[in-house]
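S.K.: Once you've had a glance at the structure underneath, I'll fire off some questions.
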């Protein structure tokens, strides 16, 4: 729940060298685990997304906005390729 309220808390858990944090990969793992434990296919799950997102809109492609809103994640993911991890991209 903390990550929903403050996504920047994920900074200590992510690894920019990995790309296996995709929903589909994690969803497949849960289905496999369910079948291993129960011997049955996982029942269908319906997601109830809100009709309108809460909060203010902002541009995830704008590095300045990302740096202001998610400073810890920005230091990790917006760093220059050869720069030390604590130096943000210019």
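The values are calculated or read from the model by the stated rules, or taken from the named source; none is laboratory data. None of these values were measured; they are calculated from a predicted model. Every residue, glycine as well, gets a Cβ built from its backbone with ideal geometry; the counts of neighbours run over all protein chains shown.
S.K.: Return the residues of the range 35-69 that are surrounded by 10 or more Cβ atoms within 10 Å (Cβ to Cβ), more than 23 Å from residue 3 (Cα to Cα) and at pLDDT below 95; say none if nothing qualifies.
M.R.: Within the range 35-69, just 42 meets the criteria.
S.K.: Next question. Being at pLDDT 90 or above and touching a helix residue (DSSP H, G or I) at 6+ places or on another chain (Cβ under 7 Å) is the filter here; which residues of the range 70-85 pass it? Quick ask: steps written out before the conclusion?
M.R.: Applying the first criterion (at pLDDT 90 or above) to the range 70-85 yields 70-75.
Selection gives 70, 71, 72, 73, 74.
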